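A.B. asks: Structure in structure tokens, see below.
Derivation of every value follows stated rules applied to the coordinates shown; laboratory data play no part. What you see is a predicted model; the values in this text were computed from it and never measured. So basically every Cβ, Gly included, is an ideal-geometry build from the backbone, and we count neighbours across all protein chains shown.
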């Protein structure tokens with residue numbers, strides 16, 4: 001009986017921790033004039049982009065998954081609507097963007113990477129994939145960087161925070 005109870009409560013704890021990983025919204029904070037909270041419903045107000053498929057590769061280029069029929073919102077479209085705390089455009093090269101998941105996983109992008117390179121035309125918050133809407137995704141809210149070779153390295157499951165940092169040079 002002890003083992004059954006131990007197993008049962010362990011199973012419940014695992015289920016609870018998995019449910020807590022998903023997110024319903026993410027915040028944009030840090031070096032911005034006004035912190036913003038963006039929930040899933042707000043994403044529908046942005047222009048959607050579409051990709052047919054995206055293979056997810058690990059750091060050692062091993063295939064880890066395949067997303068098909070992907071719709072999403074470009075990260076740069078979201079960040080364009082939020083004014084950064086900068087005194088002039090010359091200092092924008094000192095900014096970087098930290099995207100953080102509910103489980104603590106973090107990835108970084110430079111301001112130039114998002115707003116001044118081809119990468120920024122592809123980094124997206126996924127709103128549907130494989131025929132499943134964001135509200136039903138196990139990894140909600142996912143962010144992907146499709147132009148990376150090892151796409152899994154900057155695949156953020158359960159996005160919860162975007163923090164704008166400035167590294168003064």
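A.B. asks: Kindly state, to the nearest 0.05, the FRET efficiency for residue 116 paired with residue 27, given R0 = 30 Å and r defined as their beta-carbon distance.
C.D. replies: 0.75
A.B. asks: How far apart, in nanometres, would the label points at residue 69 and residue 49 be if each is projected 7 angstrom from Cα along the Cα-to-Cβ direction?
C.D. replies: Here the modelled spin labels are 2.1 nm apart.
A.B. asks: If one takes the longest principal axis of the Cα atoms in the chain, at what angle in degrees, from 0 to 90 and to the nearest 10, does the Cα axis of helix 2-21 lie?
C.D. replies: The two axes meet at around 20 degrees.
A.B. asks: How high is the FRET efficiency from residue 93 to residue 132, r the C-beta distance, R0 45 Å, rounded to 0.05?
C.D. replies: 0.75
A.B. asks: Which of these values of Rg/Rh (Cα atoms, Kirkwood Rh) was calculated from the structure shown: (i) 1.60; (ii) 0.98; (iii) 1.04?
C.D. replies: Here the calculated entry is (iii).
A.B. asks: Also, quick follow-up: Rounded to the nearest 0.05, what FRET efficiency do residue 81 and residue 108 give with R0 = 22 Å and r taken as the Cβ-Cβ distance? Could you check?
C.D. replies: Efficiency computed from Cβ-Cβ geometry: 0.60.
A.B. asks: Something else about it: Relative to a virtual label point 7 Å from the Cα of residue 149 in the Cα→beta-carbon direction, which members of the range 42-80 show backbone nitrogen distances below 15 Å?
C.D. replies: So the set is 57-63.
A.B. asks: If packing is taken as the mean number of other Cβ atoms within 10 Å per residue, what is the order of 30-42, 114-126, 130-142, highest first?
C.D. replies: The most tightly packed comes first, giving 114-126, 130-142, 30-42.
A.B. asks: Would you compute, from DSSP H runs of 4+ residues alone, the mean residue ellipticity of the chain at 222 nm, taking -39500 (n - 2.57) per run and dividing by the full residue count, rounded to the nearest 500?
C.D. replies: Counting only the DSSP helices, I get -5500 deg cm²/dmol.
A.B. asks: Could you work out the relative contact order of the range 23-166, using alpha carbon pairs under 8 angstrom and six or more residues apart, expressed as a whole percent?
C.D. replies: 33 percent
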